[in-house]
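Everything on this sheet refers to the single structure shown next.
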Amino acid sequence: MTHLNDDRVYIEFDSKKVDYTYLVKKIFPEYILHFCPYSSEIYCESLIFKDFEKSRNKNKRKSIDRVYPVCFYDEKFCKDVFNKSPKKIVSLLNGEVFNVELFGNGIKIIAGLTPFSISESEEFDKKVRSILSYYI
């Protein structure tokens with residue numbers, strides 16, 4: 001099975017009208033627990049367009065285009081993409097990002113409790129990739 005057959009849930013929202021902290025701390029974890037995704041993210045829609053060319057025709061179960069400011073990766077995904085266990089990723093990122101923790105059957109990474117701009121998202125992505133030694 002490839003990522004093309006995966007179920008997807010997209011929720012669009014205006015980050016100026018939504019309690020972003022509540023979304024990140026309460027709602028996002030509930031989605032993870034109930035949908036059991038291998039990967040889940042909260043990000044600025046503009047990043048999709050920015051990443052389009054490099055993400056075309058890639059198997060999304062085996063690679064990522066970006067580590068988003070709020071994300072979840074299950075254990076298999078961590079091992080397939082980063083070649084590291086969730087526990088190892090937590091130990092590497094602990095103290096380097098706002099919050100990283102073992103969650104469900106994987107890891108939850110939170111860069112902050114306010115929406116990140118495109119440039120902040122790019123800086124976060126580069127920082128985490130560097131720490132995890134993951135390069136495209």
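The values are calculated or read from the model by the stated rules, or taken from the named source; none is laboratory data. As the structure is a prediction and not an experimental result, all values here were calculated from the model. Counting neighbours? That spans all protein chains shown, and the Cβs are built from the backbone with ideal geometry, glycine included.
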Pairs where the first residue, in segment 83-99, is in contact (Cβ under 8 Å) with a residue 12 or more places away in the chain and the second is outside any helix (DSSP H, G or I) and surrounded by fewer than 18 Cβ atoms within 10 Å (Cβ to Cβ), C-beta under 7 Å, 6+ apart: Pro86/Leu102; Lys87/Leu102; Val90/Glu101; Val90/Leu102; Phe98/Gly112
Qualifying positions in segment 101-114 - hydrophobic (A, V, I, L, M, F, W, C), under 11 Å from the mean Cα position of the chain (by Cα) and within 19 Å of Asp80 (Cα to Cα): Ile107, Ile109
Subset of segment 102-123 [small (Gly, Ala, Ser) and touching a Leu at 6+ places or on another chain (Cβ under 9 Å)]: Gly104, Ser121
Residue in segment 33-47 that is more than 17 Å from Phe98 (Cβ to Cβ), surrounded by 15 or more Cβ atoms within 10 Å (Cβ to Cβ), out of contact with any helix residue (DSSP H, G or I) (no Cβ under 7 Å at 6 or more places or on another chain) and at pLDDT 85 or above present: yes
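Residue by residue, here is whether (1) modelled with pLDDT of 95 or more; (2) closer than 23 Å to Leu23 by Cα holds:
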position: Lys58; (1), (2): no, no
position: Ser63; (1), (2): no, no
position: Ser85; (1), (2): yes, no
position: Gly95; (1), (2): yes, yes
position: Asn99; (1), (2): yes, yes
position: Ser121; (1), (2): no, yes
position: Ser130; (1), (2): no, no
Test: Ser91 is at pLDDT 90 or above, more than 24 Å from Ile118 (Cα to Cα) and not charged (D, E, K, R): yes
Residues of segment 80-97 classified as loosely packed, with under 15 Cβ neighbours inside 10 Å and on the phi < 0 side of the Ramachandran plot, total: 4
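Is it true that Lys76 is over 24 Å from Pro115 (Cα atoms) and in contact with a Phe, Trp or Tyr (Cβ under 8 Å, 6 or more places away or on another chain)?
Working: over 24 Å from Pro115 (Cα atoms): yes; in contact with a Phe, Trp or Tyr (Cβ under 8 Å, 6 or more places away or on another chain): yes.
So Lys76 fits the description; yes.
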